[in-house]
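K.L.:
For reference, the structure I am asking about is given below.
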Amino acid sequence: ASAKAASSTLVWRSDKGRFITTTAPSDREWHVRFMSGLHSRIGDRRKRDAAISIEQMSAVQTFLEVEWRDATEQQDVTAQRQIAKTACFFLIGYCGSMRGFELPKALLTGLKHGLHPEAGPHGHRPHAGIFFLGRFKARSNAEKKILVFLAAVTNSGLRLVLWLERLVKLLEDLEIFSGWLFQDGDGNQRTMSSFSEEFYRILFAIREEDSTLFEPTMDIMEDYHLARSLRRGATTRAMNAGVSQPDIDWINRWNTEGEEMIDGPMRVIYSDRKQMLETFLRFSQAL
């Protein structure tokens with residue numbers, strides 16, 4: 001888009017097998033990418049990620065529980081950590097109706113104090129409070145914190161707090177107490193794509209164990225994706241479970257301009273937002 005780029009030439013191959021040079025701005029890389037994004041946004045190019053069903057999520061949890069027990073018996077801490085991370089990725093994404101690229105923004109910092117496997121003294125139901133830090137779609141470009149409360153155990157038996165406690169304990173044993181929840185060996189934030197291999201491996205594995213979990217025409221590699229399959233599945237499940245549309249809109253941050261974005265010390269944010277605990281749990285408890 002700069003003057004220097006506009007003055008440079010572009011070489012491309014014509015239909016006749018010849019190489020052509022041009023300085024036309026509409027052939028520059030920036031313009032080509034812009035037009036590709038435009039077509040995606042206006043909807044004439046759509047790829048809707050298939051929704052992961054609650055039956056599939058239950059199968060995922062069962063499959064990972066078996067792998068966890070095997071790794072525990074073998075005292076394979078590395079395998080345990082990978083299994084726990086994968087389980088938390090699936091469960092946070094589903095129970096919180098999160099987009100896949102939002103999940104790596106989950107914070108380990110302060111998470112241990114946000115895990116409440118038992119009912120609280122004021123009648124608060126068991127839950128997990130998870131902070132996310134980063135830039136979020138349709139909001140300002142500045143980094144923001146959001147706090148999400150999720151049920152410890154959903155009506156279908158998804159046990160989020162159990163898996164979070166396992167992962168936190170493994171990280172503490174490695175003397176990792178802060179930073180990103182999903183971090184690599186150097187403490188850097190993992191990307192969504194780094195979960196791709198495990199995501200598809202597990203979907204193929206549960207289909208191998210029970211083919212009825214998937215429609216015969218579904219192509220796992222083509223139809224399911226980390227970006228929105230978990231969110232679409234959670235939203236579908238919530239609607240079937242009778243969760244109100246306003247609650248679904250609020251959890252998904254649809255048409256709630258800025259109200260979930262909060263700044264300040266984490267302990268203050270946690271205290272303030274805990275008053276919204278029941279609103280959060282009406283969604284995730286029903287899953």
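The values are calculated or read from the model by the stated rules, or taken from the named source; none is laboratory data. All values derive from a computational prediction rather than experimental measurement. Neighbour counts run over all protein chains shown; Cβ positions are idealised from the backbone, glycine included. Heavy atoms of the whole protein, side chains included, go into the accessibility calculation; ligands, DNA and RNA do not. Shrake-Rupley method; radii C 1.70, N 1.55, O 1.52, S 1.80 Å.
K.L.:
Could you grab the pairs with beta carbons closer than 9 Å, sequence gap of 6+ or different chains, first residue in the range 100-122 and under 26 Å from F195 (Cβ atoms), second one at pLDDT below 90 and among the acidic types (D, E)?
P.N.:
G100/D49
K.L.:
Hey, can you tell me all the residues within the range 183-205 that are within 12 Å of L226 (Cβ to Cβ) and among the aromatic types (F, W, Y)?
P.N.:
Result: F195, F199, Y200.
K.L.:
Here's something else I'd like to know. Taking the options F283, F214, F204, name whichever one is modelled with pLDDT of 90 or more, open to solvent by less than 40 Å² (accessible area, probe 1.4 Å) and over 24 Å from A119 (Cβ atoms).
P.N.:
F214
K.L.:
Exactly one condition in (1) at pLDDT 95 or above; (2) open to solvent by less than 30 Å² (accessible area, probe 1.4 Å) is not met by S14; state its number.
P.N.:
(1)
K.L.:
Hey, can you tell me all the residues within the range 124-169 that are more than 23 Å from V243 (Cβ to Cβ), under 17 Å from the mean Cα position of the chain (by Cα) and not in a helix (DSSP H, G or I)?
P.N.:
Result: F131, L133, G134, R135, K144, K145.
K.L.:
Related question: Just checking, how many residues over the range 170-187 are open to solvent by less than 50 Å² (accessible area, probe 1.4 Å), in a loop (DSSP other than H, G, I, E, B) and not β-branched (V, I, T)?
P.N.:
4
K.L.:
F63 versus (1) free of Cβ contacts under 8 Å to residues at least 60 places away in the same chain; (2) assigned to a helix (DSSP H, G or I): which is the lone unmet condition?
P.N.:
Unmet condition: (1).
K.L.:
Within the range 187-199, does at least one residue satisfy the condition of being of a type in the set (F, W, Y), in contact (Cβ under 8 Å) with a residue 24 or more places away in the chain and within 23 Å of G114 (Cα to Cα)?
P.N.:
No, that holds for no residue.
K.L.:
Conditions first: (1) in contact (Cβ under 8 Å) with a residue 12 or more places away in the chain; (2) open to solvent by 60 Å² or more (accessible area, probe 1.4 Å). D219 passes all but one, so which condition is the exception?
P.N.:
Tallying (1) in contact (Cβ under 8 Å) with a residue 12 or more places away in the chain; (2) open to solvent by 60 Å² or more (accessible area, probe 1.4 Å), D219 fails exactly one: (1).
K.L.:
If Q245 passes every condition in (1) under 28 Å from V66 (Cα atoms); (2) open to solvent by 50 Å² or more (accessible area, probe 1.4 Å); (3) of a type outside the set (A, V, I, L, M) but one, which one does it miss?
P.N.:
Only one criterion in (1) under 28 Å from V66 (Cα atoms); (2) open to solvent by 50 Å² or more (accessible area, probe 1.4 Å); (3) of a type outside the set (A, V, I, L, M) is unmet by Q245, namely (1).
K.L.:
Give just the number: which of (1) part of a loop (DSSP other than H, G, I, E, B); (2) within 22 Å of I202 (Cβ to Cβ) does F90 not satisfy?
P.N.:
So F90 meets the others, but not (1).
K.L.:
Mind listing just one residue for me: the one in the range 138-153 that is under 29 Å from E55 (Cβ atoms) and open to solvent by 10 Å² or more (accessible area, probe 1.4 Å) and, of those, modelled with the lowest pLDDT?
P.N.:
V148
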